[in-house]
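The values are calculated or read from the model by the stated rules, or taken from the named source; none is laboratory data. Since we're looking at a predicted model, the values are computed, not measured. For neighbour counting, all protein chains shown are included, and Cβ atoms are generated from backbone atoms with ideal geometry for every residue, glycine included. Only protein heavy atoms, including side chains, enter the accessible area calculation; ligands, DNA and RNA are left aside. Shrake-Rupley method; radii C 1.70, N 1.55, O 1.52, S 1.80 Å.
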Amino acid sequence: MVDINNPTEILAAVKCGDLYSNDPVKAKKEYRLLVQMYHPDRNKTSMAEDVFKKIEDLYAKAEKMFESGQWEESNVIEFKTKEDKHKKLKFIKEFSFELGVQYVASSVVVYVLDAEHKKYFDNAIHRVSSLIYENKAMEDEFKRYFPKFIDKFETVEGKWVLVIEKTKDFVRLQDLLNYYQGMIEQRHVAWMLSRLGSICCFLDYNGLAHNGISLENCFVSPENHSIALLGGWWYCVGQGEKMLGTQKQIYDVMGPLTKTNKTGSITTDLESIKLIGRVLPHKAQIPNSFKDWLERGSADSARKEFVRWNTALRNSYGAKKFIKMEVGEKEVYSL
């Protein structure tokens with residue numbers, strides 16, 4: 001709910017639940033308080049009249065909602081499952097993607113796949129649950145970068161919902177890029193590519209082609225210099241297996257043989273990483289070794305490509321150095 005002491009926030013309220021509680025008694029008390037604060041006869045500020053009108057309009061909506069037994073609130077979505085359970089999510093941002101809708105919240109990411117995409121829903125769950133780790137050390141390192149499904153269900157409308165755990169320091173890479181107005185400082189791009197290269201090595205170890213490594217599916221923790229690959233698992237297949245699909249921008253960088261055969265290949269993921277590397281930084285600022293690596297075709301294994309990348313990284317910047325990236329959820333999503 002909005003800060004009632006901030007008239008600008010009240011004017012920005014869209015739905016009755018943004019200003020009033022979903023309880024008739026509480027809402028009436030809130031309404032009376034707001035009237036006392038902003039009635040033009042008492043409040044002589046320039047915004048008072050507009051704020052008072054907003055207070056009146058939203059309370060009228062609230063009364064109608066109480067009569068109908070419904071409720072509305074901005075950035076809140078409610079689901080009713082096939083088992084007749086009700087689930088509610090308060091989210092920060094909502095995004096459409098090629099299979100449905102994505103909701104980003106502080107503690108979760110929720111993907112709602114349209115009814116016809118059940119095979120993608122099933123595939124994502126299967127691929128993530130089937131990941132193998134050579135030992136406990138590998139599991140401890142990599143498991144935190146992949147989805148942890150804390151809920152999954154079908155809605156009464158037949159849609160398929162995946163709820164993935166997330167900590168608040170992670171933001172969508174696309175949103176981070178938007179915050180920086182389309183250009184992220186090159187040294188930060190470098191550590192992001194290193195993390196993605198490491199993830200590709202793990203996928204290669206599992207014999208998988210993810211086919212969905214993109215700005216929309218990667219989540220970045222600027223604070224901890226880490227990346228989690230939370231989305232896109234619906235496209236993941238075994239290397240050499242028939243592809244289920246991919247995003248257009250990834251299809252465009254796939255090799256001609258992969259396009260012809262339409263089978264999973266680690267080079268698709270490696271080329272996807274390089275595409276991200278070409279999109280994120282200011283082109284004129286990239287060292288030549290870095291630039292050459294981005295433009296060069298990928299190796300046939302993630303490990304070979306990772307060696308190439310580390311050589312380019314060393315030639316570009318010398319010894320590794322941790323550079324703080326002082327931005328987070330609050331700044332990126334204007335909270």
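Scanning the stretch 288-310 for residues that are of a type outside the set (S, T, N, Q), open to solvent by 10 Å² or more (accessible area, probe 1.4 Å) and closer than 22 Å to Leu173 by Cβ yields a total of 4. The number of residues in the stretch 222-243 that are in a loop (DSSP other than H, G, I, E, B), open to solvent by 20 Å² or more (accessible area, probe 1.4 Å) and out of contact with any Gly (no Cβ under 7 Å at 6 or more places or on another chain) comes to 1.
Yes/no matrix, rows are residues, columns are (1) touching a helix residue (DSSP H, G or I) at 6+ places or on another chain (Cβ under 9 Å); (2) assigned to a loop (DSSP other than H, G, I, E, B); (3) open to solvent by 20 Å² or more (accessible area, probe 1.4 Å); (4) of a type in the set (A, V, I, L, M, F, W, C):
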position	(1), (2), (3), (4)
Ser198	yes, no, yes, no
Val220	yes, no, no, yes
Gly245	yes, yes, yes, no
Asp252	yes, no, yes, no
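The set of residues in the stretch 298-309 being out of contact with any Lys or Arg (no Cβ under 8 Å at 6 or more places or on another chain) and free of Cβ contacts under 8 Å to residues at least 40 places away in the same chain consists of Asp300, Lys304, Val307.
In the set Gln174, Gln102, only one residue is open to solvent by less than 20 Å² (accessible area, probe 1.4 Å), of a type in the set (S, T, N, Q) and at pLDDT 95 or above; that residue is Gln102. Taking the stretch 54-113, which residues are polar (S, T, N, Q) and under 27 Å from Thr246 (Cβ atoms)? Answer for the stretch 54-113, where residues must be polar (S, T, N, Q) and under 27 Å from Thr246 (Cβ atoms): Ser96, Gln102. For the stretch 133-158, the candidate set comprises residues that are within 19 Å of the chain's Cα centre (by Cα) and among the charged types (D, E, K, R); within that set, the residue that is nearest to Leu208 (Cα to Cα) is Lys143. Contact map, the stretch 178-204: first residue within 22 Å of Gly232 (Cβ to Cβ), second residue of a type in the set (Gly, Ala, Ser) and not in a helix (DSSP H, G or I), Cβ cut-off under 7 Å, separation 6 or more or different chains; pairs are Arg195/Ser226; Asp204/Ser301.
Number of residues in the stretch 250-309 that are of a type in the set (S, T, N, Q), farther than 14 Å from Asn211 by Cα and within 27 Å of the chain's Cα centre (by Cα): the value is 1. Selection of strands (runs of 3 or more DSSP E) fully inside the stretch 1-110 by the criterion of at least 2 residues being in contact (Cβ under 8 Å) with a residue 40 or more places away in the chain and among the small types (Gly, Ala, Ser) returns nothing. Candidates are the residues of the stretch 105-132 that are of a type in the set (Lys, Arg) and under 21 Å from Ser214 (Cβ atoms); the one that is surrounded by the fewest Cβ atoms within 10 Å (Cβ to Cβ) is Lys119. Give the residues of the stretch 138-159 that are open to solvent by 30 Å² or more (accessible area, probe 1.4 Å) and within 24 Å of Leu99 (Cα to Cα), sorted by residue number. Hits for the stretch 138-159 are Lys148, Phe149, Ile150, Asp151, Lys152, Glu154, Val156, Glu157, Lys159. Within the stretch 279-325, the residues that satisfy the criterion of being at pLDDT 90 or above and closer than 30 Å to Ala105 by Cβ are Val279, Leu280, Lys324, Met325.
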